[in-house]
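**Q** One structure, pasted below without further comment.
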Amino acid sequence: MQKLPLEEVKARLKAVRKQMRHEGFDGLLVTETADVRYLCGHEHEAVQLLVTPRSQYLTTTHRGIQRAEERSVGFQIIDSKVQPGGFRPLIEKHSLKTLGVNSKMSHAQFLDLGKRLRPARLKPSTAVIRAREVKSSAEIVFLRKAQRIAEGIFETFLGEVKPGVTEFHLHNRLIQLILDNETVEGPSFEPVLSSGTSSWTFHSRYTDRKLRKNDCLIIDMGVRYRGYCSDMTRTIFLGKPTRQMREVYSIVQEAQLRAIDAIHAGAMGGDVADAAWGYIARKGYEQTHGLGHGLGLETHDYPLPGLSAVNKKPLQEKMVLTVEPGIYLENGFGVRIEDTVIVTRNGCENITRTPKELKVVG
Ligand SMILES: [Mn+2]
């Protein structure tokens, strides 16, 4: 496994420390797996980090030390068997008074940690989240690469879609194709293979339904490359789509283009969402799920929520977001199209290359 360059780790730490100072913390306790990977390049649920204004420490179990040494970059590594009590001695040594933690932490864990770290106080912090919202050039390289690899796998996978096979079978085949690719860490999420009448609820990942002629099939999939996730959805048709299917497909396509056109640094997520959902509503269809989310070390990455009126902060250059409108007709069929874009000063760059023209297979 390739390590992150030290310069990259330093830049990430710098961004996090700047936010940490801004929020008034004199230390950060990093426990969320994706935050840990972001800062040190290594990922394991038994790894925790402590970031102070001038030093950074990683602690893990005795058995995890060798892995941490091989994979992490720039952190002083502490064996919890050699130095029990977690970060407590270091918190005392640096006389840290207020420590920030990611608010994703469970309430029970928060209370428990708070007790153990007294008299230092624990408070929710967005320091790592703010840094992760905007991607570095290195992160963008990994995200692009993840998408390219996923596109190759998707292309191969399409050859297996035909009437008679079940969603279950296709789901497993797609995962197998991803696992067979040794350049990736696996699927970024469990893929969605949803056909015909099981595609309208978007609650179903797959069923034992057999694909039939004239079905539509939603495929939502992604891979993880060096920790970074890809996320793409295509809706394809088996045999001749009906007139209504064609119409719905072209409305979703147009809605997505309108949303992509509305994205630029400074744009509000709610306005981008309106560009797509407003168009869909004017065509007589219903707004359903969120229009898009951040993409990075997690499939649902920061900014969260991304393209929604709930997101009150303007989009920034180098945020990476998905754009995924859909139309779902009750007891009928569903269509969703999802691409990934990088926000630029005057617009955005779409990094998804798999064609979006209506595709008929089988
Ligand atoms: Mn998505």
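The values are calculated or read from the model by the stated rules, or taken from the named source; none is laboratory data. Note that the structure is a prediction, hence the values are computed from the model and not measured. Note: ideal-geometry Cβ built from the backbone for every residue, glycine included; neighbour counts use all protein chains shown. Areas reflect the complete protein model, heavy atoms only, side chains present, ligands, DNA and RNA absent. Shrake-Rupley method; radii C 1.70, N 1.55, O 1.52, S 1.80 Å.
**Q** Return the FRET efficiency for the residue pair residue 190, residue 98: r is the Cβ-Cβ distance, R0 is 30 Å, and the value is rounded to the nearest 0.05. All intermediate terms of the calculation are to be shown ahead of the outcome.
**A** On the way: r = 39 Å, r/R0 = 1.29.
Working from the Cβ atoms, E equals 0.20.
**Q** Local charge sum around residue 172 (other residues, Cβ-Cβ under 15 Å, Lys/Arg +1, Asp/Glu -1)? All intermediate terms of the calculation are to be shown ahead of the outcome.
**A** Working: positive: 173, 205, 209, 210; negative: 160, 167, 180, 190, 208.
My count for the surroundings of residue 172 gives -1.
**Q** Counting only residues 5 or more places away or on other chains, whose amide H sits under 5 Å from the amide H of residue 48 once H atoms are built in the peptide plane?
**A** Correct list: 59.
**Q** So, one more: Show 209, 63, 234 ordered by accessible area, largest first, where the area counts protein heavy atoms only and the probe is 1.4 Å.
**A** Details: 209 30, 63 220, 234 5 Å².
My answer, sorted largest first, is 63, 209, 234.
**Q** OK, next. I'd like the distance between the alpha-carbon centres of segment 28-59 and segment 126-168, rounded to an integer number of Å.
**A** Cα centroid to Cα centroid, the span is 25 Å.
**Q** Still on this structure, please answer the following. Among the listed pairs 10/313; 14/312; 145/210; 210/356, which are separated by more than 28 Å between their Cα atoms? Show your work: numbers first, answer last.
**A** Details: 10/313 26 Å; 14/312 25 Å; 145/210 33 Å; 210/356 24 Å.
Violating the 28 Å limit, Cα to Cα: 145/210.
**Q** Give me log10 I(q)/I(0) at q = 0.07, 0.09 Å⁻¹ for the chain, Debye formula, one equal scatterer per alpha-carbon, no solvent.
**A** Those come out to -0.35, -0.56, one per q.
**Q** Can you find, among 334, 138, 290, the residue farthest towards the positive end of the dipole of segment 137-361? Put +1 on the C-beta of Lys and Arg, -1 on that of Asp and Glu.
**A** Result: 334.
**Q** So what is the relative contact order for the chain, in percent, with contacts set as C-alpha pairs under 8 Å and at least six apart? Intermediate values should be presented prior to the final figure.
**A** Numbers: 770 pairs, mean separation 51.1, N = 362.
For the chain, the relative contact order is 14 percent.
**Q** Now for a different question. Distance from a point 7 Å along Cα→Cβ of residue 246 to each backbone N in segment 209-236: keep the residues under 19 Å and list them by number.
**A** From segment 209-236, the list is 213-217, 235-236.
**Q** Further question on the same structure: Once neighbouring chains are kept in place and the probe is 1.4 Å, which whole percent of the accessible area of the chain is contributed by carbon and sulfur? Before the final figure, lay out each step's value.
**A** Values: 8420 of 16610 Å².
For the chain, the apolar C and S fraction of the accessible surface comes to 51 percent.
**Q** Among 316, 76, 19, determine the one that fluctuates most according to a GNM of the chain built with springs between C-alpha atoms less than 10 Å apart.
**A** Maximum among the listed residues: 76.
**Q** Further question: Under a crude label model (7 Å from the Cα following the beta-carbon direction), how far is residue 45 from residue 116 in nanometres?
**A** Modelled inter-label distance: 1.5 nm.
**Q** OK, next. Can you give the accessible area per residue of the chain, in Å², using a 1.4 Å probe?
**A** Numbers: 16610 Å² over 362 residues.
Here the per-residue accessible area is 46 Å².
**Q** Residue 11 versus residue 138, label points 7 Å from Cα toward the beta carbon: distance in nm?
**A** 0.8
**Q** A further question on this structure: Running a GNM on the chain with Cα contacts under 10 Å, which residue among 269, 64, 284 ends up with the highest mean-square fluctuation?
**A** Checking each option, the largest mean-square fluctuation is seen for 284.
**Q** Now a separate question. Run the quick spin-label model on residue 265 and residue 286: label points 7 Å from Cα toward the beta carbon, then report their separation in nm to one decimal.
**A** The two pseudo-label positions are separated by 4.0 nm.
**Q** Another question, then. So what's the gap between the Cα centers of segment 288-353 and segment 77-113, to the nearest angstrom?
**A** 35
**Q** What does the extension gain come out to for residue 354 and residue 148, with contour length at 0.36 nm per residue minus their alpha carbon separation? Display every interim value, and only then the final one.
**A** Working: separation 206, 0.36 × 206 = 74.16 nm, distance 0.91 nm.
Result for the pair: 73.3 nm of gain on full extension.
**Q** Turning to a different aspect of this structure: For 60, 242, what's the largest-to-smallest order of accessible area, 1.4 Å probe?
**A** The residues order as 242, 60, largest area first.
**Q** Follow-up. Starting at 0 and stepping by 5 Å, how many percent of the alpha carbon pairs of segment 1-68 end up in each bin?
**A** Computed distribution, short to long bins: 4, 17, 27, 26, 17, 7, 2, 0.
**Q** At a Förster distance of 41 Å, what's the computed FRET efficiency of residue 309 paired with residue 83, Cβ-Cβ distance as r, to 0.05? Walk me through the numbers before you get to the answer.
**A** Details: r = 48 Å, r/R0 = 1.16.
Taking R0 as 41 Å, the efficiency between residue 309 and residue 83 is 0.30.
**Q** OK, next. I need to check one value: relative contact order of segment 6-133, counting alpha carbon pairs closer than 8 Å and at least 6 residues apart, in percent.
**A** Details: 198 pairs, mean separation 36.2, N = 128.
The normalised contact order for segment 6-133 reaches 28 percent.
**Q** Kindly report, to the nearest 10 Å², the accessible surface of residue 304 as traced by a 1.4 Å probe over protein heavy atoms only.
**A** Residue 304 has an accessible surface of roughly 80 Å² with all protein chains in place.
**Q** If amide hydrogens are placed 1.01 Å from N in the peptide plane, which non-local residues have theirs closer than 5 Å to the one on residue 189?
**A** Here 222 satisfy the definition.
**Q** Now for a different question. Within a Cβ distance under 14 Å of residue 3, other residues only, what is the Lys/Arg minus Asp/Glu net charge?
**A** Details: positive: 10, 12, 37, 67, 71, 226; negative: 7, 8, 43, 69, 70.
Result for the local shell: +1.
**Q** Quick one: dipole size for segment 196-348, taken about the Cα centre, charges +1 on Lys/Arg Cβ and -1 on Asp/Glu Cβ, in debye to the nearest 20. Please report the intermediate quantities before stating the final value.
**A** Details: 19 positive and 17 negative charges, 85 e Å.
It comes to approximately 400 debye.
**Q** Give the angle, between 0 and 90 degrees and rounded to the nearest 10, that separates the Cα long axis of helix 107-117 from the longest principal axis of the Cα atoms of the chain.
**A** Result, in degrees: 20.
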